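**Student:** There's a structure below that I have some questions on.
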Amino acid sequence: MQGTDAVQEGLDRKGCKEREQIAALFDLPFFDLLMMARSVHHSYHRPNEVQLSTLLSIKTGGCAEDCGYCSQSVAAESGVKAEKLMDVEAVISAAAEAKASGSTRFCMGAAWREPKERDMPKLLEMVRSVKAMGLESCMTLGMLTQAQADALSEAGLDYYNHNIDTSPEFYSQVITTRTFQDRLDTLARVRASGISVCCGGIMGMGETRDDRIDFLHALVSLPQPPESVPLNALVPIPGTVLGDMLAGTPMAQIDEIEFARTVAVARIVMPESIVRLSAGRESMSDSAQALCFLAGANSIFSGDRLLTTPNNGQSADAALFQKLGLTPGS
Ligand code: SAM
Ligand code: DTB
Ligand code: SF4
C-alpha cells in the first residue's frame with residue numbers, strides 16, 4: 001500500500017486516468033482518502049451545497065431489457081404494471097411541484113430499450129415545457145440514434161442519463177439484452193449532440209473492488225468525463241434477479257464505508273463533475289449519507305419517490321441538511 005504522498009505524486013505525474021492510480025486511491029487509509037477528496041471538493045465546488053434533482057417516471061414498466069436490478073423489466077416479477085407515456089400536462093404539473101420544493105433539475109425516465117419515433121414529438125414538448133419553467137431538464141430513455149439525440153438537444157435538453165452501470169467485465173452478469181459497447185455508442189451520440197452527459201452506475205450488485213475500480217476507470221476513459229455521475233446503491237427489489245438473489249444477505253450489498261470510498265475516488269478522479277448520491281439513500285443512515293457528502297457527493301434525488309421505489313422525502317432531507325449545515329445548491 002502506498003502512502004498519501006506517493007499516491008498524490010502518482011496522480012500529479014500520471015493524472016488520474018490510469019487504472020493503477022485509481023486502484024492506489026482505493027487502497028489509501030479511509031481518512032487519508034477522505035481528506036484528499038475533501039480538498040479536491042473545496043477547490044472545485046461550493047463545499048456545503050448539495051444540488052437537488054427530482055425524478056419522474058414518465059413511462060413505467062413493460063421494458064424489453066433484462067437489467068437484473070430493475071423492477072420495470074418484463075423479465076422481473078416485481079408487480080410493477082406497464083403504463084403508457086404520460087401526457088405533457090401531467091409532466092408539467094409534476095415539474096411545477098418539483099420546482100416549488102427546491103429542485104433545480106427535473107429528470108424524466110422512461111422504461112424503454114429506446115424511444116420510438118412516434119413518441120418523439122411528445123418527448124420534445126416535455127423538454128421545451130420543463131425548460132420554459134426555468135428548470136434544468138434531464139431525460140433517460142434508453143438507447144438513442146444520432147437523430148434522436150440531436151432533436152432532444154435542439155429542444156433544449158440539458159442532460160441525458162445513460163449509465164454504464166458497472167465494470168465492462170461484470171456487465172454481462174447483470175444485463176444480456178444490450179452490450180457495454182451499445183451504452184458507449186449512445187453516450188457518444190449524446191456527447192456529439194451537445195447534451196451534457198450524466199453517466200454512473202450501481203454499487204452492491206455482487207461486484208468486486210476490482211469491478212468498482214474498472215467502472216470508474218471506464219468513466220474517466222470516456223473522451224470527456226461525464227458532467228454528472230450518479231452513484232446508486234442497489235435497491236434490492238423483490239421479483240428482480242438481483243433483488244431475489246441478494247435478499248436477506250446484507251453482506252452481498254455494498255458496505256457503507258466502501259460506498260463512501262467509491263464516492264471519494266469518483267470525486268478525486270472527476271473533480272469537476274457533479275457526483276450524485278442517487279438510489280439507495282433510503283436504507284442509509286444519516287451518518288452514512290454524511291460520509292458520502294464529506295467524500296464529495298454534491299447532488300441527491302429529492303422527493304418521496306425515485307422511479308418505482310421510495311426515496312427519503314423532503315422533510316427527512318431538510319432535517320439532514322439542517323444537521324449537517326448543508327444548503328440546496330444551484
Ligand atoms: N431505461 C433507461 C435506461 O436503462 O437507460 C432509463 C431508466 S433506468 C431505471 C436508469 C438507471 O437507474 C439504471 O441504469 C440503473 O443504474 C438505475 N437503477 C435502476 N434500478 C435500480 C435499482 N434497483 N437500484 C439502484 N439503481 C437502479
Ligand atoms: C440513476 O442513476 N438513478 C436513477 C436515475 N439514474 C434515473 C434511477 C434510480 C432508480 C431506482 C429504482 C427505482 O426506483 O425503480
Ligand atoms: Fe429497462 Fe432501463 Fe429498467 Fe433496464 S434499467 S430494464 S433498460 S427501464
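**Student:** If I fit a long axis through the Cα atoms of helix 120-132 and take the longest principal axis of the Cα atoms of the chain, what angle between them do I get, 0 to 90°, rounded to 10?
**Tutor:** Its long axis makes an angle of about 60 degrees.
**Student:** Moving to a separate point now. With every protein chain kept in the model, how would you rank GLU9, GLU18 by accessible area, 1.4 Å probe, largest at the top?
**Tutor:** Ranked list, largest accessible area first: GLU9, GLU18.
**Student:** Quick one: net charge around ALA76, please, counting Lys, Arg +1 and Asp, Glu -1 for every other residue with C-beta under 11 Å from its C-beta.
**Tutor:** Combined, the nearby Lys, Arg, Asp and Glu give -4.
**Student:** Averaging over every viewing direction, what projected area does the convex hull of the Cα atoms of the range 46-182 cover, in nm²?
**Tutor:** The Cα convex hull of the range 46-182, projected and averaged over all directions, gives 9.7 nm².
**Student:** Over the heavy atoms of ARG46, what accessible area does a 1.4 Å probe trace out, to the nearest 10 Å²?
**Tutor:** 140
**Student:** When the C-alpha atoms of the chain are aligned to their principal axes, what extent does each axis show, in angstrom, from largest down?
**Tutor:** 56, 40, 39
**Student:** Something else about it: Based on alpha-carbon positions alone, could you give the equivalent ellipsoid semi-axes of the range 1-105 from the gyration tensor, as √(5λ), descending, whole Å?
**Tutor:** Working from the Cα gyration tensor, I get semi-axes of 42, 23, 11 Å.
**Student:** Here's another thing I want to ask about it. Would you check the accessible area of SER287, probe 1.4 Å, heavy atoms only, in square angstrom rounded to 10?
**Tutor:** 80
**Student:** Let me ask another. Show log10 I(q)/I(0) for the range 108-149 at q = 0.14, 0.22, 0.24, 0.27 Å⁻¹, two decimals, from a solvent-free Debye sum over equal Cα scatterers.
**Tutor:** Taken in order of the listed q values, log10 I(q)/I(0) reads -0.31, -0.74, -0.86, -1.02.
**Student:** How large is Rg over Rh for the range 38-90, taking Rg from the Cα atoms and Rh as the Kirkwood inverse mean of 1/r across Cα pairs?
**Tutor:** Radius of gyration relative to Kirkwood radius: 1.26.
**Student:** Could you please state how large a percent of the accessible area of the range 20-71 is carbon and sulfur, counting protein chains only and using a 1.4 Å probe?
**Tutor:** Answer for the range 20-71 is 56 percent, counting heavy atoms of protein chains only.
**Student:** So what is the diffusion coefficient of the range 74-147 in µm² per second by Stokes-Einstein at 10 °C and 1.306 mPa s, using a Kirkwood Rh over Cα pairs?
**Tutor:** Rounded to a whole number, D works out at 118 µm²/s.
**Student:** Give me the net charge of THR176's neighbourhood, meaning all other residues with Cβ under 14 Å from the Cβ of THR176; Lys, Arg count +1, Asp, Glu -1.
**Tutor:** -1
**Student:** Ok, one more. Once the Cα atoms of helix 256-269 and of the chain are each reduced to a long axis, what angle between those two axes, in degrees from 0 to 90 to the nearest 10, is obtained?
**Tutor:** 90
**Student:** Restricting everything to alpha-carbon atoms, can you work out Rg to Rh for the range 177-330 with a Kirkwood hydrodynamic radius?
**Tutor:** When Rh is taken as the Kirkwood radius, the ratio is 0.96.
**Student:** Just the accessible area per residue of the chain, please: how many Å² with a 1.4 Å probe?
**Tutor:** Result: 42 Å² per residue.
**Student:** May I ask for the percentage of alpha-carbon pairs in the range 193-282 that lie more than 19 Å from each other?
**Tutor:** Looking at the range 193-282, the distances longer than 19 Å represent 40 percent of pairs.
**Student:** Across the range 258-297, what fraction of all alpha-carbon pairs, as a whole percent, falls in each successive 5 Å bin from zero upward?
**Tutor:** Bin by bin from 0 Å, the calculated values are 6, 27, 35, 21, 8, 2.
**Student:** Relative contact order for the chain using alpha-carbon pairs under 8 Å, separation at least 6, rounded to a whole percent?
**Tutor:** Dividing the mean separation by the residue count of the chain yields 22 percent.
**Student:** Which value, in debye to the nearest 20, gives the size of the charge dipole of the chain about its Cα centre, when Lys and Arg are +1 and Asp and Glu are -1 at the Cβ?
**Tutor:** 620
**Student:** Among the listed pairs LYS81/LYS131; LYS59/LYS81; LYS131/LYS323; LYS84/LYS116, which are separated by more than 21 Å between their Cα atoms?
**Tutor:** Over 21 Å apart, Cα to Cα: LYS81/LYS131; LYS131/LYS323.
The values are calculated or read from the model by the stated rules, or taken from the named source; none is laboratory data. Predicted, not measured: the structure shown is a model, and the values here were computed from it. Note: ideal-geometry Cβ built from the backbone for every residue, glycine included; neighbour counts use all protein chains shown. Accessible surface areas use protein heavy atoms only, side chains included; no ligands, DNA or RNA. Shrake-Rupley method; radii C 1.70, N 1.55, O 1.52, S 1.80 Å.
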